[in-house]
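Take a look at the structure set out below.
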Amino acid sequence: MKISTKGRYGLTIMMELARRTGVGPVSLKSIAEKHQLSEHYLEQLMAPLRNSGLVKSIRGAYGGYTLARSAEEITTGEVIRVLEGPISPVDFTEEDDPAKRALWLRIRDSIADVIDTTTLQDMILFKDEGQHDNYMFYI
C-alpha cells in the first residue's frame, strides 16, 4: 500500500498545525515555504480537512488554520482516511480465496491499528526528538 501525496502532504500540514498550537492561526503559505510545497496544492487539501472537522479556518489579514481538536486527540488514521479514503492493501471481493482474503484483512487491520493509535502529538514528538530529518510516511 502506498500513501499518495495527498496523504503525505496532509500529514505534513497537520503536523505543522500541531507543532504551532497556541501560536495562533498558521498560513498555508508559511507551511508551503517551509516544506517547499505548492501552496495551491495545499489549499486543495484543506477543504476536506476542514469539512471533516479536523481543522478550523480563521479569516482575515492574520488568519490561517488551526487544529479543531488537540494534537493528542487527532490520529494519523483520521487524516489519512479523510484524504485517501478507506485503508485497504488490495481490492478484494467475496469470491477471493478465503485464505488470501483472510491475509488481506489481517494486513488491513494491522495497518489500521498503527495509524489509529498514532496521534499527531506522537508524530511531532518523534520528529522533535531528532529521529528523522524529513517526514517519511510508508505503510
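Listing for the model above:
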{"quantity": "Pair list, Cβ under 6 Å, 6 or more apart: the stretch 67-90 residue among the polar types (S, T, N, Q), other residue at pLDDT below 95", "calculated": "S88/R108"}
{"quantity": "Index of the failed condition, L103 passing every other in (1) over 17 Å from the mean Cα position of the chain (by Cα); (2) in a loop (DSSP other than H, G, I, E, B); (3) surrounded by 15 or more Cβ atoms within 10 Å (Cβ to Cβ)", "calculated": "(2)"}
{"quantity": "Enumeration of residues in the stretch 37-55 that are surrounded by fewer than 15 Cβ atoms within 10 Å (Cβ to Cβ) and in contact with a helix residue (DSSP H, G or I) (Cβ under 9 Å, 6 or more places away or on another chain)", "calculated": "S38, E39, H40, Y41, E43, Q44, N51, S52"}
{"quantity": "Subset of the stretch 23-34 that is among the small types (G, A, S) and part of a helix (DSSP H, G or I) - its residue that is surrounded by the most Cβ atoms within 10 Å (Cβ to Cβ)", "calculated": "A32"}
{"quantity": "Residue ID - farthest from Q121 (Cα to Cα), chosen from residues in the stretch 56-72 that are surrounded by 13 or more Cβ atoms within 10 Å (Cβ to Cβ) and charged (D, E, K, R)", "calculated": "K56"}
{"quantity": "Meets criteria (touching a strand residue (DSSP E or B) at 6+ places or on another chain (Cβ under 6 Å) and either assigned to a helix (DSSP H, G or I) or at negative phi (or both)) for T66", "calculated": "yes"}
{"quantity": "Residue that is of a type in the set (V, I, T), part of a loop (DSSP other than H, G, I, E, B) and under 12 Å from the mean Cα position of the chain (by Cα), where the choices are I87, I13, I3", "calculated": "I3"}
{"quantity": "Selection status of R20, over 26 Å from R108 (Cα atoms) and either in contact with a His (Cβ under 6 Å, 6 or more places away or on another chain) or crowded, with 16+ Cβ neighbours inside 10 Å (or both)", "calculated": "yes"}
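The values are calculated or read from the model by the stated rules, or taken from the named source; none is laboratory data. Since the structure is predicted, the reported quantities are computational estimates derived from the model, not experimental observations. Don't worry about glycine lacking a Cβ; one is built from the backbone with ideal geometry, like all the others, and counts go over all protein chains shown.
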